[in-house]
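Asks: Here's a structure for you.
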Amino acid sequence: MSIEFTRREIAKLASSGTLMMSASATATIGLSTSATKASAQPSGDDVAQPLAARRFPTGFYWGTATSAYQVEGAWNEDGKGSSIWDTYAHTPGKIKNGDTGDVANDHYHRYKEDVALMKEIGATAYRFSISWPRIFPEGTGQPNAKGLDFYNRLVDELVAAGVEPFPTLYHWDLPQALQDKNKGWQSRDTAKAFADYAGYLAEKLSDRVHHFFTINEFRSFTDGGYRGAEVQVGGGVIRLEAAPGLKLAPGDLNQVRHHAVLGHGMAVQAIRAKGRPGTKVGPAEHIHHAVPLIETPDHIKAAQTATREANAAFLTVMLEGKYTDAYLKEAGRDAPKFTDEDLKIIASPLDFVGINVYKPTFYALASDQAPGWREIPFTKSHPTMFNRWLSLGPDSMYWAPKFVQSLWGAKEIFITENGCASDDVLAADGKVYDTDRVMFLRAYLTQLQRAAADGVPVKGYFQWSLMDNFEWGQGFGDRFGIVYVDFKTQKRMPKASAAWFHETATRNAVA
């Protein structure tokens, strides 16, 4: 692989003085201006010295992430059943360029190569998802031995490589059979089926797997799949759709949301019952969060309160055991139907909270008027990444985990996704110099280290994603990986960001 060569090239640039930092830049990342004045071209030792002050906690997990439908391929091999994403992607007009995950990255057959690649770039953990219909082709009933065998082989390969496995049990690929039988997450029966599936996997894998994520991004698959979610992009709003592509009334959507968090709670209980002692479990939710525009106590408090309310249907009810009064009042007759027992199950105690962090939902200022905060939208000139929806907001990586700690007292927090797509092109030397992604990751992880230094219990970071893959409705057009993939040949090639990730993981400090 070319990763070591890339690192040598970067080191060569640094030693030649091509990579120089201004005094203001060094002050921003914590280097003293006196050090920069002492030497216009600091040696490697001079630059490395201040890194000790920016180290992450001992034992911090440096991980990469993928999901089953996005990378596995083998969509109908070895007894796997169809998922709603198989059906959706095969429906003309749903996916850009008619792309599907039928082959994707062929991870199902190339997992050994991919695990070796993880080890090479310095990853110490891998967050992958397990395909529910690969384990239970009909969603329930008789398990598929060949499906379980694949994940056994993958887990064994990871453990042998010194890469900790962190499986996610649901990353949106619901068995099509449950969509047909139960109308998917519109039914409580799907929540119960998910719990049975979760318990089965905990029983079979927890001898080697110590952390299970239940469900990934509740809001994305409920609102995107059952209503079509509206998201802010630049100065406008676009509608995103996902499998199964339904458009439910507000009351029905709220019930889907409730069944999703109920399924999470049931799964937590099933994992506790079936997993080995010490097995840890938590969700992986895309946290909607406010960032204080000005960091003073009143504005920070306003942003925290706004964050609690922004997650009323998901994280808040999971971590508090109740829906907020404001959420129920706003929903009115469309509020979900639930019991006290439901709430107890949903709030089953967790070992950790996983959050996907990309950008602030909005900036906030304190207000004397109800609800106590004022939303400050992004300006039209606010910088964005390759995807216009991804407004640059590195301070998200400080405030999102900070609020999970201050609102809900989380003892362990994982950043389960963070990353960006880039206009990745091969340079004349055949490499990918994704400078924008390196900038993005350095800025965000500097803020995560700030959170750790302030006592926020962050235990690990999972970069989205390990490699370019099928990016849902955008097909193969949006490249999020730190490893470039030629989808015609399946050749993998680490980008400059992979070299940066390696240095950061090796040092346990922002490189």
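The values are calculated or read from the model by the stated rules, or taken from the named source; none is laboratory data. In this text, all values refer to a predicted model and were calculated from it rather than measured experimentally. Heads up, the Cβs are rebuilt from the backbone with ideal geometry, glycines too, and the neighbour counts pull from every protein chain shown. Note: accessible area is taken over every heavy atom of the protein model, side chains too, but ligands, DNA and RNA are not part of it. Shrake-Rupley method; radii C 1.70, N 1.55, O 1.52, S 1.80 Å.
Asks: Taking only DSSP H segments of four or more residues, each worth -39500 (n - 2.57), what value at 222 nm results for the chain once the sum is divided by all its residues, to the nearest 500 deg cm²/dmol?
Replies: On the way: 20 runs with 210 residues, N = 511.
Mean residue ellipticity at 222 nm (helix-derived): -12500 deg cm²/dmol.
Asks: What whole-number value in cubic angstrom gives the convex hull volume per residue for the C-alpha atoms of the chain?
Replies: Details: hull volume 75.3 nm³, N = 511.
Cα convex hull per residue, to the nearest whole number: 147 Å³.
Asks: Find the all-direction average of the projected area of the Cα convex hull for the stretch 366-511, expressing the result in square nanometres with one decimal place. It would help to have the intermediate numbers written out before the result.
Replies: Details: hull surface 46.0 nm².
Here the figure is 11.5 nm², rounded to one decimal.
Asks: Semi-axes of the equivalent ellipsoid of the stretch 390-430: what are they in whole Å, largest first, if each equals the square root of 5 times a C-alpha gyration tensor eigenvalue? It would help to have the intermediate numbers written out before the result.
Replies: Working: eigenvalues 226, 27, 8 Å².
After diagonalising the Cα gyration tensor, the semi-axes are 34, 12, 6 Å.
Asks: Still on this structure: If a/c stays under 1.5 just call it rounded; otherwise compare a/b with b/c (prolate if a/b is bigger, oblate if not). Do that for the stretch 97-241, with a ≥ b ≥ c from the square roots of the Cα gyration tensor eigenvalues.
Replies: Details: a/c = 1.91, a/b = 1.25, b/c = 1.53.
Judged from the Cα gyration tensor, the stretch 97-241 comes out oblate (a/c at least 1.5, b/c at or above a/b).
Asks: Could you give me the radius of gyration and the Dmax of the stretch 240-317, taking only the C-alpha atoms into account and expressing both in angstrom?
Replies: 16.9, 47
Asks: From the alpha carbon gyration tensor of the stretch 197-343, can you work out the equivalent ellipsoid semi-axes (sqrt of 5 times each eigenvalue) and give them in Å, largest to smallest? Please list the in-between numbers first.
Replies: Working: eigenvalues 162, 83, 56 Å².
Over the Cα atoms of the stretch 197-343, the ellipsoid semi-axes are 28, 20, 17 Å.
Asks: Measure up Lys94/Lys402; Lys301/Lys322; Lys274/Lys459 against 30 Å on the Cα-Cα distance and list the ones that go over. Before the final figure, lay out the partial values.
Replies: Details: Lys94/Lys402 38 Å; Lys301/Lys322 21 Å; Lys274/Lys459 25 Å.
Going by Cα-Cα distance, Lys94/Lys402 fall outside the 30 Å limit.
Asks: Something else about it: Counting each pair of different Cα atoms once, what's the Kirkwood radius of the stretch 55-164 in Å, rounded to one decimal?
Replies: Mean inverse Cα-Cα distance, inverted, gives 15.1 Å.
Asks: Follow-up. Sorting check: for 156-163, 306-313, which peptide has the highest mean count of neighbouring beta carbons within 10 Å, and how do the rest follow? Display every interim value, and only then the final one.
Replies: Working: 156-163: 16.4, 306-313: 23.0.
Ranking the peptides 156-163, 306-313 by packing returns 306-313, 156-163.
Asks: For the chain, build the charge dipole from Cβ charges (+1 Lys, Arg; -1 Asp, Glu) around the Cα centre, then report which of Ser82, Thr168, Ala453 sits farthest towards its positive end.
Replies: Going by the charge dipole, the pick is Ala453.
Asks: If you roll a 1.4 Å probe over the chain with all protein chains in place, what percent of the accessible area is carbon or sulfur? Walk me through the numbers before you get to the answer.
Replies: Values: 10730 of 20600 Å².
Looking at the chain in its full context, I get 52 percent from C and S.
Asks: Cut-off under 19 Å on the C-alpha distance; same-chain residues fewer than 8 positions from Lys329 excluded. Which lysines are left, in chain and number order?
Replies: Lys337
Asks: So how much slack lies between Asp207 and Ser406, counting 0.36 nm per residue of separation and subtracting their Cα-Cα distance, in nm? Let's see the in-between values first.
Replies: Numbers: separation 199, 0.36 × 199 = 71.64 nm, distance 3.33 nm.
Going from the current span to full extension adds 68.3 nm.
Asks: Shifting gears a bit: Please report Rg over Rh for the stretch 335-392, where both radii come from the alpha carbon positions and Rh follows the Kirkwood definition.
Replies: Details: Rg = 17.9 Å, Rh = 15.6 Å.
Reported Rg/Rh, Kirkwood definition of Rh: 1.15.
Asks: Same structure, new question: Quick check on my link table: of Lys112/Lys146; Lys204/Lys280; Lys96/Lys359; Lys431/Lys488, which ones sit more than 19 Å apart, alpha carbon to alpha carbon?
Replies: Values: Lys112/Lys146 17 Å; Lys204/Lys280 15 Å; Lys96/Lys359 24 Å; Lys431/Lys488 17 Å.
In this structure, Lys96/Lys359 exceed 19 Å between Cα atoms.
Asks: OK, next. Provide Lys183, Lys495, Lys459, Lys80 ordered by accessible surface of protein heavy atoms (probe 1.4 Å), highest first.
Replies: Numbers: Lys183 125, Lys495 0, Lys459 85, Lys80 30 Å².
Result, largest first: Lys183, Lys459, Lys80, Lys495.
Asks: Based only on the alpha carbon positions, what is the Kirkwood hydrodynamic radius of the stretch 261-367, in angstrom?
Replies: Numbers: mean 1/r = 0.0655 Å⁻¹.
15.3 Å is the Kirkwood radius here.
Asks: Once the piece of chain linking Lys119 and Ala273 is laid out straight, how much longer is it, given 0.36 nm per residue of separation minus the C-alpha distance between them? All intermediate terms of the calculation are to be shown ahead of the outcome.
Replies: Details: separation 154, 0.36 × 154 = 55.44 nm, distance 3.28 nm.
Result: 52.2 nm gained on full extension.
Asks: In square angstrom, rounded to the nearest 10, how much accessible surface does His210 have for a 1.4 Å probe?
Replies: 80 Å²
Asks: Roughly speaking, what is the stretch gain from Lys322 to Asp423, that is 0.36 nm per residue apart minus the C-alpha to C-alpha distance, in nm to one decimal? Please list the in-between numbers first.
Replies: Details: separation 101, 0.36 × 101 = 36.36 nm, distance 4.31 nm.
32.1 nm is the gain from fully extending Lys322 to Asp423.
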